[in-house]
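The values are calculated or read from the model by the stated rules, or taken from the named source; none is laboratory data. Small disclaimer: the values here were computed from a predicted structure and weren't measured. Note that each Cβ is placed from the backbone with ideal geometry, even for glycine, and that neighbours are counted across all protein chains shown.
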Amino acid sequence: MELDLTKIKKVFFIGIGGIGISALAKLAISRGIEVVGLNDDESKETLEPLRQQGVEIFFLKDFKELPQANMYVYSDAWLFRGPEIIENAKKTGTPVLSYFEALAEFAKNYKVLAISGTHGKTTTTAMVAEILVSAGLDPTVIVGSFVKSFGSNFRSGKGEYLVVEADEFARHMLFFKPYVGAVTNIEVDHLDTYKDLEDIKNTFAKFLSQSEIKISENDYEKFLPLVPKLQVPGEHNRKNAACAFAVAQILGIDDHVTSLALHNFAGTWRRLENRGTLASGTIVYDDYAHHPSEIRASLQALRELYPKGEKKIYVLFQPHMYNRTKAFFKEFSESFVLADEVGFLPIFYAREAPDPEVSSEKLSNEVEKFQGNSHYLPDFDSAEKYFREANFGPDDIFVTMGAGLAYKVGDNLMKI
């Protein structure tokens, strides 16, 4: 698609509350483009910063008429949530792009450093961003979380580099032709998009073939000995840091600058994030893990900090997507072994119809058979009540986990 962004004066974002698309909206604003948006409900973390920049936001329950714009950009989730809105936008004859299509258009103005992979994209992208900032390269950054050092999912820079998280869902990363393309790791996931592992590998290979400089797991593992002691625990984060180190060396950044930036890296929102402490002394964490491998990695990282026998770990997990829960049912049931107790919320889904063959209750029952101490909690009120009455103490850790809204239970417990 040939799109002259200099002629784009106003963009309407459909699903503007998403963590990625809201960052793109901020990039558009930084380019002097007027932004308006639509969301299905309130999302304080993503919408409030946009309101502070003067963005008008509509909500689905009150939405009546598609506003005029020079371009419409939609979140993929809205192909399920509001397909008629996207179709109406297409009838205007105005460019209508998905989030990643639009991001790729904006990216043409930069030397792109694109981080992809099945796991670790967000943290690695944030680490690369921190290194470039420390090196004085003043990058522009779009990441699918809030980076603690700059408190946002977007950083506007005047340098030549754009650091982006290149999602593999629906082969989104193929929209980019990066200067540096990095793949953190490859594993089976998103089987609603891919046929099998071979299909996934071939797609990542194509992404790397489109990159001027390529980094894969085999390339960055040699940098593991150079990774300093990190504030973010876990072997997976040491590998993320090694990947970021590899990117930094390609850019000619001094190893000392890289090491110091990684040592100071404080993490991102919802990636094994310490949310605070309850009055009882229990530490509350939140983690975005929604794949069995990620759950195991996060619990292993917590056990580095809190060995079994010293602290009890209580997990509240909300599975993400029916198809993923169904495809990895056995793996999910075996992924919580480092936790002492697990509660399960109903499945969070965004782009599919419910599947009666799988449920959180069935998964909870399987975990109960596998390791015991598992509970199905049918709604958020039940979950909050259950863990409020759990008599947490200073020897306990409470972790909300998943790509949905489980973190709100932890936040509510801390308000009490």
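Residues of region 178-202 that are among the acidic types (Asp, Glu) and surrounded by fewer than 21 Cβ atoms within 10 Å (Cβ to Cβ): GLU187, ASP192, ASP196, GLU198, ASP199. If the condition is being surrounded by 12 or more Cβ atoms within 10 Å (Cβ to Cβ), in a helix (DSSP H, G or I) and out of contact with any helix residue (DSSP H, G or I) (no Cβ under 7 Å at 6 or more places or on another chain), then region 203-234 contributes PHE204, ALA205, LEU208, GLU217.
Against the condition surrounded by 18 or more Cβ atoms within 10 Å (Cβ to Cβ), farther than 20 Å from PHE344 by Cα and at pLDDT 95 or above, how does LEU316 come out, does it pass? Against the criterion (surrounded by 18 or more Cβ atoms within 10 Å (Cβ to Cβ), farther than 20 Å from PHE344 by Cα and at pLDDT 95 or above), LEU316 does not qualify.
Within region 237-263, residues that are assigned by TED's automatic domain parsing to the domain that holds SER149 reach partners that are of a type in the set (Ser, Thr, Tyr) and outside any helix (DSSP H, G or I) with beta carbons closer than 7 Å, at six or more positions or on different chains, in the pairs ASN240/THR184; CYS243/THR184.
Taking region 62-89 as the range and being surrounded by fewer than 12 Cβ atoms within 10 Å (Cβ to Cβ), of a type outside the set (D, E, K, R) and without any contact (Cβ under 8 Å) to a residue 24 or more places away in the chain as the test, only PRO83 passes. Taking each residue of region 161-177 that is buried (at least 24 other Cβ atoms within 10 Å of the Cβ) and looking for partners that are modelled with pLDDT under 95 and assigned to a strand (DSSP E or B) with beta-carbon atoms closer than 6 Å, six or more apart or interchain, yields GLU165/GLY144. If you go through region 309-333 and keep only what is on the phi > 0 side of the Ramachandran plot and basic (Lys, Arg), you end up with nothing.
Among the residues of region 131-148, the ones that are part of a loop (DSSP other than H, G, I, E, B) and either closer than 24 Å to GLU221 by Cα or over 18 Å from the mean Cα position of the chain (by Cα) (or both) come to 5 in all. Sort out which residues of region 31-60 are of a type in the set (Gly, Ala, Ser) and either surrounded by 14 or more Cβ atoms within 10 Å (Cβ to Cβ) or touching a Lys or Arg at 6+ places or on another chain (Cβ under 7 Å) (or both), and write them in order of number. Correct list: GLY37, SER43.
Kindly indicate which of PRO378, PRO394, PRO346, PRO354 is surrounded by fewer than 14 Cβ atoms within 10 Å (Cβ to Cβ), outside the structural domain of GLY120 (by TED's automatic domain parsing) and under 24 Å from the mean Cα position of the chain (by Cα).
PRO354
Would you be able to say whether some residue in region 114-130 is closer than 19 Å to LEU262 by Cα, in a helix (DSSP H, G or I) and out of contact with any strand residue (DSSP E or B) (no Cβ under 7 Å at 6 or more places or on another chain)? Within region 114-130, one or more residues are closer than 19 Å to LEU262 by Cα, in a helix (DSSP H, G or I) and out of contact with any strand residue (DSSP E or B) (no Cβ under 7 Å at 6 or more places or on another chain). Residues that are at pLDDT below 95 and aromatic (Phe, Trp, Tyr) within region 254-287 comprise just one, TRP269.
Taking region 365-375 as the range and being outside any loop (DSSP other than H, G, I, E, B) and surrounded by fewer than 21 Cβ atoms within 10 Å (Cβ to Cβ) as the test, the residues that pass are ASN365, GLU366, GLU368, LYS369, PHE370, HIS375.
Suppose we keep only residues that are closer than 26 Å to TYR194 by Cβ, modelled with pLDDT of 95 or more and of a type in the set (A, V, I, L, M, F, W, C) within region 156-170. Which one would you say is farthest from the chain's Cα centre (by Cα)? Don't jump to the end; show me each part of the working.
Pass one, region 156-170, residues closer than 26 Å to TYR194 by Cβ: 163-170.
In the following step, the residues that additionally are modelled with pLDDT of 95 or more were identified as 163-166.
Now drop any that are not of a type in the set (A, V, I, L, M, F, W, C), which leaves 163-164, 166.
On the way: VAL163: 15, VAL164: 12, ALA166: 11 Å.
Within region 156-170, the match that is farthest from the chain's Cα centre (by Cα) is VAL163.
The set of residues in region 258-275 being farther than 15 Å from GLY144 by Cβ and either basic (Lys, Arg) or surrounded by fewer than 22 Cβ atoms within 10 Å (Cβ to Cβ) (or both) consists of SER259, LEU260, HIS263, ASN264, ALA266, ASN274, ARG275.
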